[in-house]
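Undergrad: Handing you this structure, nothing more for now.
Derivation of every value follows stated rules applied to the coordinates shown; laboratory data play no part. The structure presented is a predicted model; accordingly, all values stated were derived computationally and were not measured. Neighbour counts are summed over all protein chains in view; Cβ atoms, including those assigned to glycine, are modelled from backbone coordinates with ideal geometry.
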Amino acid sequence: MSVSQILILAVVAVLVNQLRKGRSLALLAVSALVIYWIQPYQEPVNLIFWFPTLTLAITVIFWLITSSPETRAWRQNWGTVAILLSVVVLVDLNRYFQVEVFFITNTPRFQLVAIVLLGVVAVGLLLGRIKKFHGLVFTFAIIGLITMLIFLKTPLASTRLIESISRFRGKESGGVSSFAWLGFSYISFRLLHTIIDRKAGRLPPVTLDEYVNYVIFFPTFTAGPIDRLERFTRNLTEPVFLDQEGWVDAGTRLFWGLFKKFIIADALAWIALNQAFVPDVRSVSWMWFFLYAYSLRIYFDFSGYTDIAIGLGKLLGMQLPENFDSPYLKRNLTQFWNSWHMTLTQWFRSYFFNPLTRAMRSAKIPLLLPVMILITQVATMILIGLWHGVTLGFFLWGTWHGVGLFIQNRWSEWMRTHTPVWGMKPLGADVLKYSGIFFTFNFVTLGWLFFFLPDPAMAWNVMLKLFGVA
């Protein structure tokens with residue numbers, strides 16, 4: 001999002017928070033319109049319309065699958081249905097209104113959109129008649145959602161589909177090699193959270209407007225944080241109406257986020273290492289300098305967006321979970337991952353790491369503890385890497401952190417019983433602390449090479465250059 005878009009949304013957030021009645025539905029309408037407004041331009045241009053529409057349709061379908069019969073009453077949900085249908089139709093009719101400032105004008109023909117909406121409504125009515133879904137339905141929904149996520153995150157698969165569609169339409173692909181379904185990475189994890197918890201019987205009953213607001217909440221739509229449904233709905237139904245101190249807090253958080261993202265991060269982007277000028281850097285010291293600039297840039301960029309989201313949430317009377325806690329000042333890799341993109345780490349801990357650990361511990365032939373730690377940590381970090389994109393670079397980035405966490409775990413275990421006497425004194429403790437911060441920051445910084453350089457061979461060559469080997 002641009003600065004102007006964020007400031008407009010801040011004003012809208014303030015206005016919505018002033019409402020005493022209809023607040024949830026007003027927020028729903030704003031969020032639904034926003035996901036169309038902020039979609040990036042791509043070819044074919046109709047995708048800018050269809051991706052947000054699919055987001056709304058999938059969200060409604062998942063609510064029907066996860067909801068309890070008592071929350072499906074028409075009286076509770078007709079307003080939400082009317083708003084969602086109205087938003088889709090309004091955006092589609094922009095081909096006649098020609099309001100280019102907010103929405104695209106090259107939308108699909110209304111007849112096609114009407115047919116799609118009727119189909120979604122028919123599926124919704126059918127699912128709404130089912131009082132209890134079989135466990136296989138939840139399993140297939142989970143598999144289907146993960147498959148979609150993998151497909152969208154796999155560049156080769158996206159390229160092949162785009163080429164096939166282009167041939168079917170009798171047109172050239174125009175150099176387009178991937179889809180830009182904005183927000184789907186976060187949408188999928190919110191939906192997976194609800195379907196997994198519903199299958200386990202621990203999902204609270206929520207109405208349609210609460211569920212859709214949770215999934216497409218505009219402050220967190222593009223970059224998180226990943227909230228929990230139960231915490232979000234409590235905050236939604238019991239908002240905080242801001243006093244003077246609250247306004248100052250919300251405004252400060254918002255503008256601090258804008259400063260970090262659009263001043264610090266964008267300034268660092270000019271000197272941050274990237275693939276374009278990697279071959280031109282000859283000096284080892286300058287290579288480290290540019291790499292440090294990238295490391296700082298990605299932090300200020302991402303944490304800046306998080307501050308913006310939290311600030312907008314505060315203006316709406318909602319307290320979103322924190323996502324960063326000075327990660328580059330942590331003394332080991334475990335503390336780093338407990339402070340970097342915290343809601344993503346907590347999601348994987350809850351839905352992958354802990355279940356995998358429990359399964360391995362309850363196996364008939366349990367593995368040795370170090371082996372178990374290695375498998376669970378490396379597997380978790382590889383999945384976190386592949387969540388960013390199904391490429392070799394992200395796989396290696398995840399492996400780098402997984403192996404690093406294992407080594408740090410074993411080192412910490414050894415140090416617990418072998419800490420030298422000097423390390424227990426104040427000066428020695430400070431040496432261990434600050435050396436830990438130094439090594440952790442540099443380990444994470446080196447790992448970014450696999451993250452942002454498209455070719456792992458290039459990343460390896462840069463790493464060798466950094467140590468004067470190549």
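Undergrad: Which angle between 0 and 90 degrees, to the nearest 10, do you get for helix 184-200 versus the longest principal axis of the chain when only C-alpha atoms count?
TA: On a 0 to 90 degree scale, this one is about 80.
Undergrad: Cα-Cα pairs above 34 Å in the chain: how many percent?
TA: Values: 45727 of 110215 pairs.
The share of Cα pairs beyond 34 Å in the chain comes to 41 percent.
Undergrad: On to the next question. Run the quick spin-label model on Arg109 and Asn442: label points 7 Å from Cα toward the beta carbon, then report their separation in nm to one decimal.
TA: Between Arg109 and Asn442, the simple spin-label model gives 6.5 nm.
Undergrad: About the Cα centre, and with charges only on the beta carbon of Lys, Arg (+1) and Asp, Glu (-1), how big is the dipole of region 35-112? Nearest 20 debye, please. It would help to have the intermediate numbers written out before the result.
TA: Numbers: 4 positive and 4 negative charges, 42 e Å.
Dipole of region 35-112, to the nearest 20 debye: 200 debye.
Undergrad: Sort the following peptides by mean Cβ neighbour count (other Cβ atoms within 10 Å, averaged over residues), highest first: 179-186, 394-401.
TA: Values: 179-186: 19.8, 394-401: 21.2.
Output ranking for 179-186, 394-401: 394-401, 179-186.
Undergrad: I need the semi-axes of the equivalent ellipsoid of region 244-315: take the C-alpha gyration tensor, multiply each eigenvalue by 5, square-root it, list largest first in whole angstrom.
TA: Details: eigenvalues 224, 15, 11 Å².
Sorted largest first and rounded, they come to 33, 9, 7 Å.
Undergrad: What are the extents of the Cα atoms of region 3-237 along their three principal axes, in Å, largest first?
TA: The Cα atoms of region 3-237 stretch 50, 43, 34 Å along their principal axes.
Undergrad: Show me 247-254, 274-281, 348-355, 334-341 ranked by packing, highest mean number of other Cβ atoms within 10 Å first. Walk me through the numbers on the way to the answer.
TA: Details: 247-254: 17.1, 274-281: 11.9, 348-355: 15.2, 334-341: 19.6.
Peptide ranking by packing, descending: 334-341, 247-254, 348-355, 274-281.
Undergrad: Once the Cα gyration tensor of region 46-117 is found, what semi-axes does its equivalent ellipsoid get, as square roots of 5 times the eigenvalues, in whole Å, sorted largest first?
TA: So the equivalent ellipsoid measures 27, 12, 10 Å along its semi-axes.
Undergrad: Check cross-link reach from Lys132 to the lysines: straight Cα distance under 26 Å, and skip same-chain residues fewer than eight apart.
TA: Lys199
Undergrad: If you don't mind, another one. Rounding to the nearest 10 and keeping the result within 0 to 90°, find how far the Cα-based axis of helix 155-169 lies from the longest principal axis of the chain.
TA: The helix 155-169 is inclined about 30 degrees to the chain.
Undergrad: Can you give the charge dipole size of region 168-326 about its Cα centre, rounded to the nearest 20 debye, using +1 on the beta carbon of Lys and Arg and -1 on the beta carbon of Asp and Glu?
TA: Values: 15 positive and 16 negative charges, 115 e Å.
Here the size comes out at about 560 debye.
Undergrad: Against the longest alpha carbon principal axis of the chain, how many degrees, from 0 to 90 and to the nearest 10, is the axis of helix 284-315 turned?
TA: That works out to roughly 40 degrees.
Undergrad: Please report, to two decimal places, log10 I(q)/I(0) for region 1-78 at q = 0.20 Å⁻¹ as given by the Debye formula with identical point scatterers on the Cα atoms and no solvent.
TA: These q points yield log10 I(q)/I(0) values of -1.04.
Undergrad: If each of Phe140 and Leu15 carries a label point 7 Å out from its Cα toward its Cβ, how far apart are those two points in nm?
TA: Each label point is offset 7 Å from its Cα along the Cβ direction, giving 4.4 nm.
Undergrad: Note down the magnitude of the dipole of the chain about its Cα centre, charges +1 on Lys and Arg C-beta and -1 on Asp and Glu C-beta and zero elsewhere, to the nearest 20 debye.
TA: On the way: 39 positive and 24 negative charges, 252 e Å.
Dipole of the chain, to the nearest 20 debye: 1220 debye.
Undergrad: Here is a follow-up. Under the 0.36 nm per residue contour assumption, what length would be gained going from the current alpha-carbon distance of Ser412 and Asp266 to full extension? If you can, show how the numbers build up before the last one.
TA: Values: separation 146, 0.36 × 146 = 52.56 nm, distance 3.71 nm.
Full extension from Ser412 to Asp266 adds 48.8 nm.
Undergrad: I've got another one for you. Students often get this wrong, so check it: of Lys261/Lys330; Lys153/Lys260; Lys330/Lys425, which have C-alpha atoms separated by over 25 Å? Mind dumping the intermediate values first?
TA: Values: Lys261/Lys330 22 Å; Lys153/Lys260 28 Å; Lys330/Lys425 20 Å.
Over 25 Å Cα-Cα: Lys153/Lys260.
Undergrad: Say the dipole of region 3-237 comes from +1 at the beta carbon of Lys and Arg and -1 at that of Asp and Glu; which of Ala26, Pro205, Leu182 then lies farthest toward its positive end?
TA: Pro205
Undergrad: How much length is gained on full extension from Lys132 to Leu464, taking 0.36 nm per residue of separation minus their Cα-Cα distance?
TA: Working it through step by step, the gained length comes to 113.7 nm.
Undergrad: In a shell of Cβ-Cβ distance under 14 Å around Arg109, excluding Arg109 itself, what net charge do Lys and Arg (+1) and Asp and Glu (-1) give?
TA: Every neighbour counted, the sum reads 0.
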